[in-house]
Amino acid sequence: MPGIVNPAKLDAARRDSVCAQCHLVGAARIARARARQGAYRPGARLSDYSAFFVWAGAGSSALNVNSHFEKLQQSACKQASADLLWCGTCHDPHTEPAAAARTEYYRARCEKCHQPSACREQQAARQKAQNDCVACHMPKSPVRDNLHAVYTDHSIPRRLRQPATTGDKTLVPFWNTPPDGRDLGLAYAAVANSDPALEQRALELLERAAEHDPADLPVLAQLAQIYDRTGQEKKAMALDEKIVRSDPAQITASVNLGTYWVRRGRATEAMRLWQDSLVRNPGLTEVRMNLAVTQYQAGDRAAAIASLQKALEYDPDHALARKLLAEISTAQP
C-alpha cells in the first residue's frame, strides 16, 4: 500500500494537483489520450491525466458550486505570490475552526501577507464588520449551477464584482499551456449544448484529431454523436461500427448502432447488440423498450413481454413501459 502523501512537501504543480482533483471543474474536464495507466494518485501531476478548459475573458468570472481552485488562480493574491499561496495556506484539511473563531482564524491568515494598516476601508465600517476580511473580500455569492445556494468567492476581489455579461464563448486551457486540438475538440463537444457554433468548432477539431489517430475511441464516439445530431447518419453508423468492432463494451455506440441497423432491416443483429448492452448495464430502460418493440415486430411476443417486465423491475414508474406492456399483453396474436 503506497505511503501517505503530504502535499506541502511536493513541488507546486503536484501539491496543487491534490486539491485540484476535487476542487477544479472548469467548463470541461477531458481525460487525456496520453494519460498514464490507471487513475490519478496524489503525488502525480493532474495535468498528465486530465485537460481542463475554462471560458476566456469575462465569462470565466461567473461563480460555480465547485470553482474554488479556478477562482483562486484568478485572484490578485495568487498572481502576486505565485506558488507561495495555495489552498493549504488558509485551510487545514483535517479540521475547521469553530464558528466563533472563524473571523479571527482567517483574518490571521490574511495578515500573514497583508498589514492591517493597508486596509483602506473606514475604521468604523471595519469595526462594525468585526474586522472580518473574508466577509468583504471573499463574499458568499449566488452560483450559476445551483439556484438555491451561495458559495464563497475564492477570487478574493478587492471590491464586490458585478456579474459578468459576455458573448465570448472561447475555451482556453486552465493550466496556460498550448491547447491540444484533440482535447479542445472534446471540450467544445462537451459544452456545446446544441449551440451550432460551438458544435462546429468541435466537429472541425475532432475530424482533424481522427485523421491524426484513427483509433482514438473517445474522439470517434463524439464525432458519431455530432454526425447523428446533424443528420449525417451514414457517417455516424460507420463510426459506431468501427467503435464496436474495436471495443464491444462501448455501450452508447452499440445502442445507437442497433437503432441504425433496425432502420436498415437488420433487426436480428440490432437485438443482439442491445441485449449485450443490457448485460453490461441492465438499467437502460429506453434500450429495453426498443428491444421489446423489435422483438414484438419480429413475432416474439413472449420475449417482448419479458423485456418490458424486466424494464419495470428497474424502473417501476415508467409510464410508457407500462402502457406498452399492457398493449402487447392484450394484443391479438
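The values are calculated or read from the model by the stated rules, or taken from the named source; none is laboratory data. Since we're looking at a predicted model, the values are computed, not measured. Here Cβ is always computed from backbone atoms with ideal geometry, including for glycine, and neighbour counts include all displayed protein chains. Quick note on the areas: whole protein, heavy atoms, side chains included, nothing else; ligands and nucleic acids left out. Shrake-Rupley method; radii C 1.70, N 1.55, O 1.52, S 1.80 Å.
Scanning segment 233-276 for residues that are surrounded by 15 or more Cβ atoms within 10 Å (Cβ to Cβ) and assigned to a loop (DSSP other than H, G, I, E, B) yields a total of 2.
The rows are residues; the columns are (1) open to solvent by 50 Å² or more (accessible area, probe 1.4 Å); (2) of a type in the set (Asp, Glu); (3) at pLDDT 95 or above; (4) farther than 24 Å from PRO248 by Cα.
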| position | (1), (2), (3), (4) |
| --- | --- |
| VAL279 | yes, no, yes, no |
| LEU284 | no, no, yes, no |
| ILE305 | no, no, yes, yes |
| LEU312 | no, no, yes, yes |
| ARG322 | yes, no, yes, yes |
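Checking each residue in segment 277-305 for being among the aliphatic types (A, V, I, L, M) and not in a helix (DSSP H, G or I) picks out LEU284, ALA298. Taking segment 67-89, which residues are part of a helix (DSSP H, G or I) and either of a type in the set (S, T, N, Q) or on the phi > 0 side of the Ramachandran plot (or both)? Correct list: GLN73, GLN74, GLN79, SER81, ALA82, THR89.
Restricting LEU223, LEU184 to those that are under 19 Å from PHE53 (Cβ atoms) and without any contact (Cβ under 8 Å) to a residue 24 or more places away in the chain reduces the list to LEU223.
Residue count for segment 6-46 under the criterion of being in contact (Cβ under 8 Å) with a residue 12 or more places away in the chain and over 24 Å from ALA189 (Cα atoms): the result is 16.
Scanning segment 202-231 for residues that are closer than 20 Å to ARG266 by Cβ and either touching an Asp or Glu at 6+ places or on another chain (Cβ under 8 Å) or exposed (fewer than 15 other Cβ atoms within 10 Å of the Cβ) (or both) gives ALA224, TYR227.
Any idea which residue in segment 144-174 is surrounded by the fewest Cβ atoms within 10 Å (Cβ to Cβ), counting only those that are of a type in the set (A, V, I, L, M) and at pLDDT 60 or above? Selected residue: LEU160.
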